[in-house]
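> This structure is in structure tokens; I'll ask about it shortly.
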Amino acid sequence: MQRVKYLLSLAESRRCLEKTKKELTHVKTQLNKALREKQKAEETIGDLSQQLRSFHANSPDIIFTLGYDGEFIFVNPAWERLLGYTTDEVIGRYFVDFCQEEDHPKYRRMFKQVRDEKKILRDVRGILLHKDGSPRLLNFNGAPNMDKDGKIIGMVGFLKDITEQDKLQAQLLHAQKMEAIGVLAGGVAHDFNNLLQAISGYADLLLLDLDEKSGGFSELQEIRQTARRGAELTKHLLTFSRKLESKLRPISLNHEIQRVRNLLERTIPKMIRIELKLMPEPTIINADPVQIEQVLMNLGVNARDAMPEGGLLSIKTERMVLDSQFCKTHLHLTPGEYFCITFSDTGMGMDSHILEHIYEPFFTTKKARKGTGLGLSIVYGIVKNHGGYILCESKPAKGTTFKIYFPVLDQGAVSVLPVTVLREKDASLMGTETIMLVDDDIKVRQVGEKILKKFGYKMITVSSGEAALKGFRRKYQQIDLVLLDVNMPGMGGKRCLEEMLKIKPDAKIIITTGYPVSDQYKREIAGRIAGYINKPYVSETLLRKTREVLGRR
Ligand code: ADP
Ligand code: MG
């Protein structure tokens, strides 16, 4: 009986054991599964933190966290790239340690708003200081930082450096403003040219009937002189709006600077010393020497005015490569080799409010009669016209430095400007031919007609391209010369010219215009027209050109 009992209990134990074993196997599978999941989770965490590290390390923008009191807990390496401090130099210090003193209250207030009012900061512009002391303009985003229970423990922030972007934007705005003023000035100058044309033309006419002793002779001469000065002024405005033709040819920059130095030495007081530091030749640029002289003279005169107590005016030339990095931050510049003229004075300098406006026509801080405000606007127009670039740096009482860049021209010999002398009117300017004068401006027509008639020519005047064609069709055999304005409403001078040449291919036609004619158009009509006269023209020019085209008698 005892043995049976023993065997039964043995069987029972074995069953229990079997069950436990089964249960154990199950637990083991479960455990294995959990282990695998844990491993996977660990891998994911590893991946994630690797990704996070990569984000932090490679972000072009600064990412940081501040603790409850505003101390730095974390910054990514962008901080060092943008602001110069290593991570170790930042951690533990306070945000305001990197700001200008006057901004401290502002940043403290912002931080409190984020921490205590859960405010989110979006696109706030602010200045932080680089380790070298220079201010950097940054775009600032921030939000409260919370722990896993939702308790606020500080803030997270993002900073983007917009210093260069902001500079470019300002340059673009400035360039657009200058463009608009240029268009305006060009338009005014064009209308003025026609008025001055009439004024000086009528004065010429009256003078022809008077001798020097008659009453009114000197007054008329005065009118003529004044009209010429007016024409000079409109020419300056046209230079600024880049509507004035320039005759580019290879010239030596050093040579022009030396010439201007001689001119300046005669005109500025002895207390101002002029110092040249010119690089060795060649310094060849493709330029209009008259305009380059204008640039240098205008800068020289300004430097003189800025140094009433005397000082140093220095002009330096050097050759340099402007790379794409430089050109990216300076509007409308293309990378390449440039000559740089550094034009400095030790005078009174300017504050930023003045600096902003110096290139605008008629902006002056000088007393009436001393300044016209046109000098630097002319400089600006000329430099742009030559594919160059101008920069100005100045601080009150610290002097002024202009840097002007002109593209290097490597080939080509330096040529010499031919000198033309305007002679007094004489009998060789007379003629009997028939001239058709086409201009939409009545004053220009009237005065031209009178002058040419006075010198013996027969005149037909018309006010539009359409009327000119009609007349030309009927009378082309009698018309010896056409004076044709380009800018007219309606069909305009260009089409009129084409039609006339169809009627009479060897017609003699002179183009008169207040604006310069584009090079492309010039090439198109080269060889088919007899010449150009730029308005406003003096009567002698008109008469001489007319005679030249019609041939000597
Ligand atoms: P203007 O000389 O007739 O006033 P500009 O166009 O030449 O006209 O110059 C405009 C203004 O720029 C000047 O009135 C002056 O305030 C400032 N300026 C130009 N050059 C200098 C300089 N070298 N130093 C100080 N201020 C200058
Ligand atoms: Mg000036």
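The values are calculated or read from the model by the stated rules, or taken from the named source; none is laboratory data. Note that this is a predicted model, so its numbers are computed, not measured. FYI the Cβ positions are ideal-geometry reconstructions off the backbone, even for glycines, and counts take in every protein chain you see. Accessible surface is based on the protein model in full, side chains and every heavy atom, while ligands, DNA and RNA are left aside. Shrake-Rupley method; radii C 1.70, N 1.55, O 1.52, S 1.80 Å.
> Counting residues that are over 27 Å from the mean Cα position of the chain (by Cα), surrounded by 15 or more Cβ atoms within 10 Å (Cβ to Cβ) and not assigned by TED's automatic domain parsing to the domain that holds I199, which helices (runs of 4 or more DSSP H) fully inside the stretch 225-342 reach at least 2?
In the stretch 225-342, the matching helices (runs of 4 or more DSSP H) lie at 253-267.
> I'd like the full set of residues that are of a type in the set (S, T, Y) and either assigned to a loop (DSSP other than H, G, I, E, B) or not assigned by TED's automatic domain parsing to the domain that holds A530 (or both), limited to the stretch 446-475.
Result: Y457, S463, S464.
> Tell me, which residue of the stretch 343-363 that is away from ligand 2 (no atom under 16 Å from the Cβ) and assigned to a loop (DSSP other than H, G, I, E, B) is least open to solvent (accessible area, probe 1.4 Å)?
D351
Residue-by-condition table, conditions (1) at pLDDT 90 or above; (2) exposed (fewer than 15 other Cβ atoms within 10 Å of the Cβ); (3) closer than 15 Å to L159 by Cα; (4) polar (S, T, N, Q):
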| position | (1), (2), (3), (4) |
| --- | --- |
| A57 | no, yes, yes, no |
| F64 | yes, no, yes, no |
| V75 | yes, no, yes, no |
| L82 | yes, no, yes, no |
| D88 | yes, yes, no, no |
| F95 | yes, no, yes, no |
| F98 | yes, no, yes, no |
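> In addition: Please state which one of Q169, Q197, Q165 is under 14 Å from A227 (Cβ atoms), assigned to a helix (DSSP H, G or I) and either within 23 Å of the chain's Cα centre (by Cα) or of a type in the set (S, T, N, Q) (or both).
On inspection, the qualifying residue turns out to be Q197.
> Further, regarding this structure: Suppose we filter the stretch 334-387 for residues that are more than 10 Å from ligand 1 (Cβ to nearest atom), in contact with a helix residue (DSSP H, G or I) (Cβ under 8 Å, 6 or more places away or on another chain) and under 20 Å from L296 (Cα atoms); how many remain?
Total satisfying the criteria: 7.
> While we're looking at this one, here's another question. Would you point out the residue of the stretch 379-398, among those that are within 16 Å of ligand 2 (Cβ to nearest atom) and at pLDDT 90 or above, that is surrounded by the fewest Cβ atoms within 10 Å (Cβ to Cβ)?
If we take residues in the stretch 379-398 being within 16 Å of ligand 2 (Cβ to nearest atom) and at pLDDT 90 or above, then C392 is surrounded by the fewest Cβ atoms within 10 Å (Cβ to Cβ).
> Can we say L376 is within 16 Å of ligand 2 (Cβ to nearest atom) and out of contact with any strand residue (DSSP E or B) (no Cβ under 8 Å at 6 or more places or on another chain)?
Yes; evaluated as a whole, the condition is true for this residue.
> Kindly establish whether E219 is closer than 24 Å to F362 by Cβ, assigned to a helix (DSSP H, G or I) and open to solvent by 50 Å² or more (accessible area, probe 1.4 Å).
No.
> Name the residue that is farthest from S241 (Cα to Cα), counting only residues in the stretch 476-496 that are outside any loop (DSSP other than H, G, I, E, B) and in contact with a strand residue (DSSP E or B) (Cβ under 6 Å, 6 or more places away or on another chain).
In this case the residue turns out to be L481.
> Residue by residue through the stretch 187-242, note down the ones that are on the phi > 0 side of the Ramachandran plot and modelled with pLDDT of 80 or more.
G216
> Can we say I525 is at pLDDT below 90, within 25 Å of S241 (Cβ to Cβ) and in contact with a strand residue (DSSP E or B) (Cβ under 6 Å, 6 or more places away or on another chain)?
So I525 does not fit the description; no.
> Can I ask one more? Might you let me know whether the stretch 256-277 holds any residue that is at positive phi and at pLDDT 85 or above?
For the stretch 256-277, residues at positive phi and at pLDDT 85 or above: absent.
> Just wondering, is there one or more residues in the stretch 116-124 that are over 18 Å from I152 (Cα atoms), touching a Lys or Arg at 6+ places or on another chain (Cβ under 8 Å) and part of a strand (DSSP E or B)?
no
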